[in-house]
Amino acid sequence: MTLRTALAAGAIAAATLVAAGCGGGSDGGSVTADGSSTVGPYVTAAAESFRDENGADVTVGISGTGGGFERFCRGETDISNASRPIDEDEVAICKENGVEYVELQVANDALTVVVSSANDWATCLTVDELNAIWKPGSTASSWSQVRASFPDEPLELFGPGTDSGTFDYFTEVINGDGGASRTDYQASEDDNVLVQGVKGTEGGMGYFGFSYYEENQAELKALEIDGGSGCVAPSVEAAQGGEYVPLARPLFVYASTEALGRSEVESFLRYMLEHETEIAERAQFVPLNQAQIDENLAKLDDVT
Amino acid sequence: MSRRTKSRLFVAAMMLCLGVSFGTLAWLLVTTLIDGIPALSQQLFIDPPSTVAEEAGARPAILATVYLAALLLLMAVPVGVLTAIYLEEYARKERWYNRLLELNIQNLAAVPSIVYGILGLAFVVRGPVSVGRVLLAGAIILTLLVLPTVIIASREAIRAVPGSIRQGGYALGATKWQVVSRQVLPASIPGIATGSILALSRAVGETAPLLLIGALQYVAFDPTILGAFTALPVQIYTWVKLPDPAFQTLAAAGIIVLLAIVLSMNAIAIFLRNRYRQTW
């Protein structure tokens, strides 16, 4: 190969690439969303069917709830997915950068506390017992320390890492302070790692979103939670109806009001709420009930 | 212990080492192939990703990886080769800044890829360049990542051209540029091509720097140079994390595709080396 042919080949390659690169683009505009890995699959499922019907390109990133707000408040994204409400620091940053937004609930989640299916002693725990296990500085290392009637089986804990909205929510409602937790447990941002960990450990315990439990219910056992008014098992109905206290939680998207001025952003959000049940079924989430849907559509109407 | 026993023990130890590396590779390949082949269908190449495993493909990710490789070739190779020519043919080694330059390039080759990701996020995605989280940003970061390797490989190739070739050129009245462009460079193309392509195939499998600049996302449309993107290694990473076990199969199929891309790039490198090899 002479130098000249090499250069010519390079130039041709460059030209083709530029042509290919500029050939894309869509008719329906584009929407950028980023944020929670829990909410991500829901928005992705919505984006898929929305694309089929409207031709708009929606990108959905998974930077975590906090990472999503960081970008959102810099004005980099149109929609921020969140598994907890926006916190004070984030509100301040948004304000500083002049990003105004509306909060919409898109699904329900039931944080599920799971144990191994080999665990035949525990079926229901109270919030106090969970707190005793997970509070900062807790030294509970055996099931018998949780409740005297439980066997002396080593207690091994698995949970999400600190970047997770699930972690924030669980520590908030169980330990009374978002982010306060014992730290000597096996932490992973990857829920599959938690599933594998609890599954393989007779005295294991972990917590994550309901959909991960649903996918693996053959190998895991979900505990009922007693939030003060009796034991309630995590389920779609209990999450919607609000009986599954305190671990039922709302899942949100935040939309910037500036982005809502673009028709594709507004119609995507409307689409997401109006097709709630099919999207939730497809992505295996706990859907909103009709009252919740109407309430959020009204919120959207107010700002558009 | 007799001399012969020692000798046999040494051979056994070498075999064991070979077995460990080769066995691991073979085991990985076989398990991935077994896991992934059921999902290796046309759908993988023509459909966008989906929340439902049965409908999911990796078209945007595969295309983006091909684009990244092409952009990388266009950016990293010319810059790398010209730098190598400067360092080998023009730079005067006794100047301190040239030695500093050399030292820096050697060190850069050892910087972990995630550091390039952070650099890219601060300077390419945001900051002075501010192109945003687009394919071009990914290509620029990967270019920075492979440049030191390309430079080092190209220098080796240029250095391997015997000095007598250059002297012959000068004796016939050629200028420095004529000697470099018509004698040295053509003679070193096999070495440069091999080194560059091996560096590129490493970059194509990189995940960490791309994660940092936001390639971790659902993208259903064909990538454009200035548009949002995801790459094949990142797509595999996403699939591995999903709850439905069917996605693990898809991830394995994705690995097979990535492996095929990387192996065919390596095959091109071997072909070029054999085709244009010169002996003096």
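The values are calculated or read from the model by the stated rules, or taken from the named source; none is laboratory data. Note that the structure is a prediction, hence the values are computed from the model and not measured. Don't worry about glycine lacking a Cβ; one is built from the backbone with ideal geometry, like all the others, and counts go over all protein chains shown.
Every condition in (1) at the interface with another protein chain (Cβ under 9 Å from one of its Cβ atoms); (2) more than 21 Å from the chain's Cα centre (by Cα); (3) not in a loop (DSSP other than H, G, I, E, B) holds for residue B:272 except the one numbered (2).
Restricted to region A:74-91, and to residues that are over 13 Å from the mean Cα position of the chain (by Cα) and among the aliphatic types (A, V, I, L, M), which residue is surrounded by the fewest Cβ atoms within 10 Å (Cβ to Cβ)? Spell out how you get there, then give the answer.
First, the residues of region A:74-91 that are over 13 Å from the mean Cα position of the chain (by Cα): A:74-79, A:86-91.
With among the aliphatic types (A, V, I, L, M) added as a condition, the list becomes A:79, A:86, A:91.
Values: A:79: 28, A:86: 19, A:91: 14.
Result: A:91.
Within region A:170-180, can you find the residues that are of a type in the set (A, V, I, L, M, F, W, C) and part of a helix (DSSP H, G or I)? Residues satisfying the conditions are A:170, A:173, A:174.
Take residue B:155 and decide whether it is assigned by TED's automatic domain parsing to the domain that holds residue B:250, at pLDDT 90 or above, under 19 Å from residue B:200 (Cβ atoms) and of a type in the set (D, E, K, R).
On the way: assigned by TED's automatic domain parsing to the domain that holds residue B:250: yes; at pLDDT 90 or above: yes; under 19 Å from residue B:200 (Cβ atoms): yes; of a type in the set (D, E, K, R): yes.
Yes, satisfied.
The number of residues in region B:230-253 being touching a strand residue (DSSP E or B) at 6+ places or on another chain (Cβ under 9 Å) and facing chain A (nearest Cβ under 10 Å) comes to 2.
Before we move on, is residue B:222 at pLDDT below 85 and not basic (Lys, Arg)? Spell out how you get there, then give the answer.
On the way: at pLDDT below 85: no; not basic (Lys, Arg): yes.
For residue B:222, the condition - at pLDDT below 85 and not basic (Lys, Arg) - is not met.
Residue pairs whose Cβ atoms lie under 8 Å apart, separated by 6 or more positions or on different chains, with the first residue in region A:124-152 and acidic (Asp, Glu) and the second in a helix (DSSP H, G or I), are A:129/A:146; A:152/A:143; A:152/A:144. The condition (being of a type outside the set (Lys, Arg) and surrounded by fewer than 11 Cβ atoms within 10 Å (Cβ to Cβ)) is satisfied by just one residue among B:29, B:25, B:44, B:40: B:25. If you go through region A:28-56 and keep only what is in a loop (DSSP other than H, G, I, E, B), on the phi < 0 side of the Ramachandran plot and surrounded by fewer than 24 Cβ atoms within 10 Å (Cβ to Cβ), you end up with A:28, A:56. Among the helices (runs of 4 or more DSSP H) confined to region A:218-304, the ones with at least 1 residues that are free of Cβ contacts under 8 Å to residues at least 40 places away in the same chain and out of contact with any Lys or Arg (no Cβ under 9 Å at 6 or more places or on another chain) are located at A:236-241, A:263-274, A:276-283, A:290-303.
For region B:200-223, the candidate set comprises residues that are over 18 Å from residue A:80 (Cα atoms) and assigned to a loop (DSSP other than H, G, I, E, B); within that set, the residue that is farthest from the other protein chains (Cβ to nearest Cβ) is B:205.
Residues that are out of contact with any Ser or Thr (no Cβ under 8 Å at 6 or more places or on another chain) number at least 3 in the following strands (runs of 3 or more DSSP E) confined to region A:57-169: A:101-110, A:112-116, A:124-126. Here residue B:255 passes the criteria (1) buried (at least 18 other Cβ atoms within 10 Å of the Cβ); (2) out of contact with any helix residue (DSSP H, G or I) (no Cβ under 6 Å at 6 or more places or on another chain) except the one numbered (2).
All told, residue A:171 meets the bar of being of a type in the set (Val, Ile, Thr) and either in the same structural domain as residue A:64 (by TED's automatic domain parsing) or surrounded by 17 or more Cβ atoms within 10 Å (Cβ to Cβ) (or both). For region A:195-218, indicate whether the set of residues that are within 14 Å of another protein chain (Cβ to nearest Cβ), buried (at least 20 other Cβ atoms within 10 Å of the Cβ), under 16 Å from residue A:246 (Cβ atoms) and β-branched (Val, Ile, Thr) is non-empty. Among the residues of region A:195-218, not one is within 14 Å of another protein chain (Cβ to nearest Cβ), buried (at least 20 other Cβ atoms within 10 Å of the Cβ), under 16 Å from residue A:246 (Cβ atoms) and β-branched (Val, Ile, Thr), which makes the answer no. Sub-7 Å Cβ pairs linking a first residue in region B:138-167 that is part of a helix (DSSP H, G or I) to a second residue that is of a type in the set (S, T, N, Q), at least 6 apart or interchain, are B:145/B:113; B:150/B:196; B:151/B:83; B:153/B:196; B:157/B:188; B:158/B:188; B:165/B:183; B:166/B:183, ordered by first then second residue.
Going by the conditions given, is residue B:39 at pLDDT below 90, closer than 22 Å to residue B:263 by Cβ and of a type in the set (Gly, Ala, Ser)? The answer is yes for residue B:39. When restricted to residues that are under 15 Å from the mean Cα position of the chain (by Cα), more than 7 Å from chain B (Cβ to nearest Cβ) and of a type in the set (A, V, I, L, M, F, W, C), region A:40-73 contains 3.
Residue by residue, here is whether (1) of a type in the set (A, V, I, L, M, F, W, C); (2) farther than 30 Å from residue B:238 by Cα; (3) not in a helix (DSSP H, G or I) holds:
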| residue | (1), (2), (3) |
| --- | --- |
| B:86 | no, yes, no |
| B:107 | no, yes, no |
| B:118 | yes, no, no |
| B:121 | yes, no, no |
| B:131 | yes, no, yes |
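May I ask you to say which residue of B:226, B:250 is outside any helix (DSSP H, G or I) and of a type outside the set (Gly, Ala, Ser)? Exactly one of B:226, B:250 is outside any helix (DSSP H, G or I) and of a type outside the set (Gly, Ala, Ser), namely B:226.
Within region B:87-122, take every residue that is closer than 30 Å to residue B:227 by Cα and surrounded by fewer than 16 Cβ atoms within 10 Å (Cβ to Cβ) and give me the one that is farthest from the chain's Cα centre (by Cα).
If we filter region B:87-122 for residues that are closer than 30 Å to residue B:227 by Cα, which is where we start, we get B:108-109, B:111-122.
From the residues that got through so far, the ones that are surrounded by fewer than 16 Cβ atoms within 10 Å (Cβ to Cβ) too are B:111-112, B:114-115, B:118, B:122.
Values: B:111: 15, B:112: 14, B:114: 15, B:115: 17, B:118: 19, B:122: 23 Å.
Across region B:87-122, the extreme among qualifying residues is B:122.
Can you confirm whether region B:70-79 contains a residue that is touching a residue at least 40 places away in the same chain (Cβ under 8 Å), assigned by TED's automatic domain parsing to the domain that holds residue B:216, of a type outside the set (Ser, Thr, Tyr) and not in a helix (DSSP H, G or I)? Give the steps one after another, and end with the answer.
Looking only at region B:70-79, we keep the residues that are touching a residue at least 40 places away in the same chain (Cβ under 8 Å), and these are B:71-73, B:75-77, B:79.
With the extra rule that they be assigned by TED's automatic domain parsing to the domain that holds residue B:216, the set shrinks to B:71-73, B:75-77, B:79.
Within this subset, residues satisfying the condition of being of a type outside the set (Ser, Thr, Tyr) are B:71-73, B:75-77, B:79.
Now restrict to residues that are not in a helix (DSSP H, G or I): none.
No: region B:70-79 contains no residue that is touching a residue at least 40 places away in the same chain (Cβ under 8 Å), assigned by TED's automatic domain parsing to the domain that holds residue B:216, of a type outside the set (Ser, Thr, Tyr) and not in a helix (DSSP H, G or I).
In the same structural domain as residue B:243 (by TED's automatic domain parsing), touching a residue at least 24 places away in the same chain (Cβ under 8 Å) and either closer than 21 Å to residue B:149 by Cβ or surrounded by 20 or more Cβ atoms within 10 Å (Cβ to Cβ) (or both): does that describe residue B:84? Here the answer is yes, as residue B:84 does meet what is asked.
For residue B:197, are the conditions met, namely being among the β-branched types (Val, Ile, Thr), closer than 28 Å to residue B:219 by Cβ and touching a Gly at 6+ places or on another chain (Cβ under 7 Å)? In short, no.
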